[in-house]
1. Among Thr48, Thr30, Thr15, determine the one that fluctuates most according to a GNM of the chain built with springs between C-alpha atoms less than 10 Å apart.
2. Where Rh is the Kirkwood radius over the Cα pairs of region 98-222, the temperature 25 °C and the viscosity 0.890 mPa s, what D in µm²/s does Stokes-Einstein return?
3. Within region 1-84, what percent of beta bridges assigned by DSSP are antiparallel, to the nearest 5?
4. Share of Cα-Cα pairs in region 23-87 beyond 16 Å, in percent?
5. For region 181-250, what is the convex hull (Cα atoms) projected area averaged across all directions, in square nanometres?
6. Stretch Thr77-Ala58 to full length: gain in nm at 0.36 nm per residue minus the Cα-Cα span?
7. What does the convex hull of the alpha-carbon atoms of the chain project to on average, in nm²?
8. In a Debye calculation with equal point scatterers on the alpha-carbon sites of region 219-262 and no solvent, what is log10 I(q)/I(0) at q = 0.21, 0.24, 0.27 Å⁻¹?
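Read-outs throughout are calculated quantities, based only on the coordinates presented, and are distinct from any laboratory measurement. Predicted model, so just to flag it, every value in this text is computed and none were measured. With ideal geometry, Cβ positions are generated from the backbone for all residues, glycine too; neighbour counts draw on all protein chains shown.
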Amino acid sequence: MLSELAYDQFGESNTGIPLVLVHGFPLDRTIFAPVAPRLASSGLRVLTVDLPGFGGSAFPGDFSLEDLARRLRGFLTQQGLTPFFLGGLSMGGYVALQYHRLFPADLTGLVLIDTKSSDDTAEAKENRNRMAEVARREGSKPVARMMFTKMLGETTRKSPGGPAIEQRLMDIMEHCPAGTIASACIAMRDRADFTPDLHRSDVPLLMLTGAEDVIAPPAVGREVASAARRGTFVEIPGAGHIATMEQPERVAAAITAWRRSL
Ligand code: MLT
């Protein structure tokens with residue numbers, strides 16, 4: 001399997017331990033474009049990566065979460081990046097938690113955004129199967145429409161910049177290939193409950209949750225942080241599920257403050 005993945009780099013390469021950011025579903029690395037330069041200006045080197053099949057990274061055939069974590073590791077090792085902070089938004093958080101399960105020694109810290117550590121309920125698994133089927137039968141657009149209603153908070157939707165964010169998000173989702181969507185649904189359906197790993201781990205964890213996130217709400221984020229031995233929870237006001245696009249300044253400030261506190 002090729003380990004080349006599409007990525008963007010922000011900041012200098014000689015500025016200490018980097019932060020690698022992994023996007024959610026059915027998205028790509030550009031959801032971090034508003035946040036990464038802000039983090040870089042605080043002295044952090046940031047790498048935003050497209051998972052296999054998403055954005056500019058080629059689809060490798062059907063994958064599991066473990067395949068994604070191993071592929072990410074191959075790529076980051078090739079880049080000479082370890083150790084690093086690993087961050088993920090939503091599905092990217094599942095990949096980060098899977099990576100943490102497999103390779104905790106690579107990680108200086110975990111930054112989880114709008115995500116959860118638990119596995120899917122029986123009902124959620126059924127929904128994954130349905131969404132995979134819709135993607136296979138009808139393509140990406142109906143899936144984009146299904147996801148769209150839950151992605152952004154009301155504050156964003158009503159703000160002057162809201163329509164541009166909505167348009168950008170819809171474009172990203174509609175361009176996600178249907179095969180990638182179907183495979184990701186099954187990979188997320190079959191993911192483990194990562195909560196027990198957090199009880200055992202000494203890796204510092206920052207959990208950020210948009211106050212208006214309806215997919216992984218603040219109560220869930222609080223539980224993730226309190227499951228971790230070294231967990232910190234920060235609620236991001238005015239954000240829904242894609243806090244990095246909705247409130248990039250607040251997200252960058254929370255990550256910077258946490259990193260400096262370590
Ligand atoms: C995501 O944003 O990555 C997805 O909403 C995650 C999920 O569906 O569990």
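1. Thr15
2. Values: Rh = 16.4 Å.
Estimated via Stokes-Einstein, D reaches 150 µm²/s.
3. Values: 4 of 8 bridges.
Percentage antiparallel, nearest 5: 50.
4. The share of Cα pairs beyond 16 Å in region 23-87 comes to 51 percent.
5. Values: hull surface 21.7 nm².
Computed as one quarter of the Cα hull surface, the answer is 5.4 nm².
6. Numbers: separation 19, 0.36 × 19 = 6.84 nm, distance 1.89 nm.
Computed gain between Thr77 and Ala58 is 4.9 nm.
7. Working: hull surface 48.7 nm².
Averaging across all directions leaves 12.2 nm² for the Cα convex hull.
8. -0.76, -0.93, -1.04
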